[in-house]
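Working notes, structure below.
Values in this text are rule-based calculations from the coordinates and carry no lab data. These figures come from a predicted structure and were not determined experimentally. Note that we place each Cβ from the backbone using ideal geometry, even for glycine, and neighbour counts take in every protein chain shown.
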Amino acid sequence: MADRILDEASRMLEPPPPWLAEYGGTPEAIDRFQSYVSNLTVAHVYDAWKESGTEPVPFSYWRWHSVAAPGHKQDSRDWLELHRSLRDFMERGGILVLIGPTRSGKTCFLERMAPLRIIDNSRSGSRRDAPIPPGDVPPGLFAIDETHAHDRRDVARVAADMRAENRGFAIVFQRPESFRDYEIGAHLALQGVQFLELVDHTLR
């Protein structure tokens with residue numbers, strides 16, 4: 001048991017596998033990627049992919065876009081166009097990962113993307129593992145707000161179900177590291193994922 005833990009710990013300290021440079025591009029892009037997915041997760045996904053020999057290459061359909069955090073000011077033509085393009089992306093089966101600190105406008109963003117239903121069972125209590133029963137997943141587009149407060153097994157199940165149905169949805173985190181520590185990235189490795197970072201420049 002101790003040997004396995006030490007082996008896994010050493011893998012976490014290894015550089016990313018060579019293929020990641022090919023698909024991640026610049027060193028800055030690789031640094032950004034590693035803030036979202038641990039090396040251990042990459043190694044596990046990559047090992048499974050090598051055994052299966054299937055396409056696509058893991059994480060090759062992940063994309064990032066950053067904008068200044070808008071708060072509630074999302075009525076301009078540019079914001080309406082962004083809402084529309086992301087709705088189209090999810091309607092084609094894509095997954096939106098919305099990243100932004102408190103008061104950056106994440107929930108407002110989701111509300112402006114109507115028709116899109118918002119699941120937020122975390123508001124019923126302070127539990128960090130709020131459930132998402134299958135009956136709570138609505139038809140059409142939906143988002144799981146405060147995703148980190150929901151049971152990760154439920155979110156992984158939702159991701160698997162939606163992939164089988166080619167349905168897109170959105171999940172929400174405050175920081176890239178919150179997404180990484182939630183360990184959901186492995187479940188999305190073979191899917192089209194658009195990360196939208198709402199950057200609060202006052203925090204820099």
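Miscellaneous remarks
- Within segment 133-203: Cβ-based charge dipole about Cα centre, in debye rounded to nearest 20 (Lys, Arg +1; Asp, Glu -1): 240
- With q set to 0.16 Å⁻¹, the log10 of I(q)/I(0) for segment 110-204, from the Debye formula over equal scatterers at the Cα positions, is -0.68.
- Neighbours of Glu197 by Cβ distance under 12 Å: Lys/Arg scored +1, Asp/Glu scored -1, total +3.
- Dividing the convex hull volume of the alpha-carbon atoms in segment 37-188 by its residue count gives 119 Å³ per residue.
- Charge-dipole axis of segment 23-106 as Lys and Arg at +1 and Asp and Glu at -1 on Cβ define it, positive-most pick from His44, Leu98, Ala29: Leu98
- Protection proxy ranking of 149-157, 92-100 - average other beta-carbon atoms within 10 Å, highest first: 92-100, 149-157
- Packing around the peptides 70-76, 36-42, taken as the average count of other Cβ atoms within 10 Å per residue, puts them in this order, highest first: 36-42, 70-76.
- If you model segment 151-204 as an ellipsoid using its alpha carbon gyration tensor, with each semi-axis the square root of five times an eigenvalue, the axes come out at 24, 13, 9 Å, biggest first.
- Taking the charge dipole of segment 92-204 about its Cα centre, with +1 at Lys and Arg Cβ atoms and -1 at Asp and Glu Cβ atoms, the residue from Val172, Gln191, Met113 reaching farthest to the positive side is Met113.
- q = 0.12, 0.13, 0.25 Å⁻¹, segment 25-125: log10 I(q)/I(0) [Debye, one scatterer per Cα]: -0.58, -0.67, -1.36
- Cα centroid separation, segment 39-99 to segment 136-177 (Å): 13
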